[in-house]
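Everything on this sheet refers to the single structure shown next.
Readers should treat all values here as calculations from the given coordinates under stated rules, not as data from a laboratory. Owing to the predicted nature of the structure, the values given are computational and were not obtained by experimental measurement. Cβ: placed from backbone, ideal geometry, glycine included. Neighbour counts: every protein chain shown.
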Amino acid sequence: MSYLINRNPSGRIICLHSLLRYLYNKFKTEPFTLTDLKYDSQSKFNIHQTCPLLVKLSSISFKVCPYLENPLSDAKCYLTQSVQEDTQKSKSVSDAFNALEGMEFIRRVDKGGVITKEGIDFISDEFESENTLKRLQSGMLSYGPFVGLIHEISNKTRDIYRSEIELGYPITNEKVEVGGRKITLSTGSQQDTITRTRSVLFIWATTSGFLLPESIKEPSNPSVWHAEMLPYTESKKWTINKFNIRVPKMLFSKKLFVKNPLSYNAMTKSTKALRERNQEEERTITLKYEPIITNRRFALVYGLAKKSEKNQTLNFSGYLKELSKYPELFVVNQKDFERAMEIELGICSVCGIPFTRDKFDLTPLTLLDIKELSSGAPLSLIKILDQIIMKI
Amino acid sequence: MIFKAINNKEFEKVATCYIAEHIELKDFINEKITEKQILTCPTNAIDTENREITKECIDCGICWIKYPSSVNKIKGVPSLSIFKAYLKKDKMFIYRWLALCIEDLAGINIKSKGFSRVKRIPLVVKTRNQLYFVKSIYDIADFEKADYELDDIIQLIQEDFQKYQIKKIIVVINGVSSKMRNKSSIITFDELYDKIINQNKRKIMELVG
């Protein structure tokens, strides 16, 4: 079950490496909870024991996390915060969890996780080793949103600016009439979220050798690209906006198998975030229509993934025609359905299944782990989609 | 650089100090405050091992104000341009600086009632029956926005704190002169610095009139 990451601290892979090492020291292959990821001053184990980035300031006698605004804060670690102080209200630790899960280094179980074999391999070598880079690339390319990003940048034929890439939930601007007033559904990502997700995934791509930031020296030894890139990826702020593309041309010539696409429950943003001024009504209406939005986005990704398994294309107009026969499942507004679904197609790339298009035929470029994708999806929905996909 | 360490055993203490931050306005006003320990120096220019203030010092003077027995002010011209360059990188530091320099009760990032989300007042100063809400801007052109933001906050909370007269203060980092506008006191950073560091004025009343 993978989710879209969107917090800057998860961008520093070396921090995630330290976190995983701490988790392994404490739990080995036993399950841990989300809270267990946080620094705990009462515990024998903590991330500071495995973190190589702590700094010694001349004014104090102990080492501190260099990224905390207040180095003396009880939060102790910028990536996880602590049991004693968490100004991020667990959002940061949850994002770190999602990042590790996305790269296949941990697996979700009940309300927590366990370290996977891939995770153990990842931490078995020092961060700077050649093996780490290989494992990182493999891990990142199993995470749907990262694959989506890499595909988008691989389409460019010149250097790219970060702002050229939009990576988030599609914005359809659909309106629903309530008591004579038209309320816009808030189902797309806000600009700040897009910026954060993009920023994290760009730094992942920089770490793993798919992007070279302008003005940064080309690594002399590409097999430890991630280690040579550390001075940039470790910095407090990533200010470079222009990148040279280093994605191998053949990467999408064969279908990549994406083990961690966004799953059913991650097809929409967390509507808990919808609480700004005058948004109460928008929130209520959006929550009402959220199952439909989730279903229709899932339908697009699932349809493409199923067709990809059979090396077939998905006929978009035929698919929409069939989906529209189940308005209670997929349609907010029949008149606007086609336009909205055109925009919703953007979810496919975010989930890790980019495609090429020839009029109405969509050719998927990757294979998805259907079980992971369908995690959390109602069986009745899957049955209906299977019938439709067989038909078209 | 106009500050110098005094070589005494006490110097180690200069490294850290305490500030009220991230607390509810109600708690702040009722003085139910747990202060947080922070580094005194924003640029890590305090070297406790060698008992010296290093060249990273931006002349903010917090160490001197908080620990006068361990830090001396020497004759010379303060590096205001370096301080301002630092504020360009970290505008929020101006609130911490002011909160730590003045003698009245002050808190930064104070949480107050919002519409749906909690609002944060960058700096609140409390005197006997007055509350000062402080916001900083780089340029006077940004005045309207800052003024509206403070109005918004005041509108939401004034019913709850009727006992207090709430005053708005806007600090202009690159401003030229202080004045009143739309019931807001506008004070420039240069003037504030001069009053605090050169004239030893530490009461908010003395600073904003």
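Computed quantities for the displayed model
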{"quantity": "Normalised alpha carbon radius of gyration of the protein assembly as shown [divisor 2.2 N^0.38 Å]", "calculated": "1.10"}
{"quantity": "Å³ per residue enclosed by the Cα convex hull of region A:256-391", "calculated": "111"}
{"quantity": "Amide N proximity, region A:138-182 versus A:Ser375 label position 7 Å along Cα-to-Cβ, cut-off under 15 Å", "calculated": "A:142-145"}
{"quantity": "Tilt relative to chain A, helix A:144-154 - C-alpha long axis, 0 to 90 degrees, to 10", "calculated": "90"}
{"quantity": "Estimated FRET transfer efficiency when R0 is 41 angstrom, pair B:Asn174-B:Lys9 (beta carbons, to 0.05)", "calculated": "0.50"}
{"quantity": "³J(HN,Hα) computed for each position of region B:27-44 - Karplus, 6.51 cos²θ - 1.76 cosθ + 1.60, integer Hz, glycine/proline x", "calculated": "5, 4, 5, 7, 6, 8, 10, 10, 7, 9, 7, 9, 6, 5, 9, x, 10, 6"}
{"quantity": "Tilt relative to chain A, helix A:379-391 - C-alpha long axis, 0 to 90 degrees, to 10", "calculated": "60"}
{"quantity": "Per-residue Cβ neighbour rank within 10 angstrom, fewest leading, B:Cys17, A:Cys51", "calculated": "B:Cys17, A:Cys51"}
{"quantity": "Cα-Cα over 26 Å, subset of A:Lys259/A:Lys288; A:Lys175/A:Lys306; A:Lys335/A:Lys359; A:Lys236/B:Lys32; A:Lys269/B:Lys88; B:Lys88/B:Lys179", "calculated": "A:Lys259/A:Lys288; A:Lys175/A:Lys306; A:Lys236/B:Lys32; A:Lys269/B:Lys88"}
{"quantity": "Partners for A:Lys134 among aspartates and glutamates (Cα-Cα distance below 19 Å; same-chain residues under 8 apart left out)", "calculated": "A:Glu101, A:Glu104, A:Glu118, A:Asp121, A:Asp125, A:Glu126, A:Glu218, A:Glu228"}
{"quantity": "For chain B, calculated [θ]222 nm from helices alone, where every DSSP H run of n ≥ 4 adds -39500 (n - 2.57)", "calculated": "-7000 deg cm²/dmol"}
{"quantity": "Cross-link pairs A:Lys237/B:Lys84; B:Lys73/B:Lys111; A:Lys182/B:Lys113; A:Lys242/A:Lys307; A:Lys76/A:Lys111 - those with Cα-Cα distance over 27 Å", "calculated": "B:Lys73/B:Lys111; A:Lys182/B:Lys113; A:Lys242/A:Lys307"}
{"quantity": "Sequence of A:Phe122, B:Phe28 once ranked by neighbouring C-beta atoms within 10 Å, starting from the fewest", "calculated": "B:Phe28, A:Phe122"}
{"quantity": "GNM result for chain A, Cα springs below 10 Å: residue of A:Phe62, A:Phe252, A:Phe210 fluctuating most strongly", "calculated": "A:Phe62"}
{"quantity": "Lys/Arg +1, Asp/Glu -1 at C-beta; region A:171-304 dipole; positive extreme among A:Asn295, A:Gly180, A:Ile216", "calculated": "A:Asn295"}
{"quantity": "Hull shadow area, averaged, region A:87-180 [alpha-carbon convex hull, nm²]", "calculated": "11.3"}
{"quantity": "For region B:110-127, Karplus couplings with θ = phi - 60° (6.51, -1.76, 1.60), whole Hz, Gly/Pro x", "calculated": "7, 7, 9, 4, x, 6, 10, 9, 5, 9, 10, 9, x, 8, 10, 10, 10, 10"}
{"quantity": "Computed over chain B: relative contact order in percent, which uses C-alpha pairs under 8 Å that are six or more apart", "calculated": "17"}
{"quantity": "Largest to smallest principal axis extent of the C-alpha atoms in region B:76-209, angstrom", "calculated": "48, 29, 24"}
{"quantity": "FRET efficiency estimate (nearest 0.05) - Cβ-Cβ, B:Ile82 to B:Asp151, R0 30 angstrom", "calculated": "0.30"}
{"quantity": "Full-extension gain in nm, B:Tyr138 to B:Asn30, via 0.36 nm per residue minus C-alpha separation", "calculated": "35.7 nm"}
{"quantity": "Value at 222 nm in deg cm²/dmol, rounded to 500, when DSSP H runs of n ≥ 4 in chain A each add -39,500 (n - 2.57)", "calculated": "-12000 deg cm²/dmol"}
